[in-house]
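**Q** The structure is given below, and queries will be raised subsequently.
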Amino acid sequence: MISEALQDDLSREVFEIFRFIREYPAYSAKQLSEMIGKTSRTIENHIAKLKESGLIIRRGSRLGGYWQIIDRK
């Protein structure tokens, strides 16, 4: 789903967030931060990098939405 080259471009922490989002797409940045033990702001910055890379997009509302993984074959 994610190429090795792109995985190499992402930091280990950002890739870890990507894996959690793939498993828990409805989780908010706050929920992810509680699971991982990082601040919400750190998670939001990592999510921004994933969005800029075209790997995820937000679907639905902020409270009831989810993260969609973009297939990059």
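FYI, it's all coordinate maths here, none of it is from the lab. Please read these numbers as outputs of a predicted model, since none were measured by experiment. With ideal geometry, Cβ positions are generated from the backbone for all residues, glycine too; neighbour counts draw on all protein chains shown.
**Q** So what J values fall out for the stretch 57-66 if you push phi through Karplus, 6.51 cos²θ - 1.76 cosθ + 1.60 with θ = phi - 60°, rounded to Hz, Gly and Pro as x?
**A** 9, 8, 10, x, 7, 5, 8, x, x, 8
**Q** I want the local charge near R58. Using Cβ-Cβ distances under 15 Å, sum +1 for each Lys or Arg and -1 for each Asp or Glu among the other residues.
**A** That sum, taken over residues with Cβ under 15 Å, equals +4.
**Q** Under 1.5 on a/c is rounded, so check that first for the stretch 7-73, then, if it is not, pick prolate when a/b is larger than b/c and oblate when it is not; a ≥ b ≥ c are the square roots of the alpha carbon gyration tensor eigenvalues.
**A** oblate
**Q** Each residue of the stretch 48-54 in turn: what ³J(HN,Hα) in whole Hz from Karplus with 6.51, -1.76, 1.60 and θ = phi - 60°, glycine and Pro shown as x?
**A** Result, ordered by residue: 4, 5, 5, 5, 4, 7, x Hz.
**Q** Pulled fully out, how much extra length does the chain show between S40 and I57, if you take 0.36 nm times their separation in residues and subtract their Cα-Cα distance?
**A** Working it through step by step, the gained length comes to 4.3 nm.
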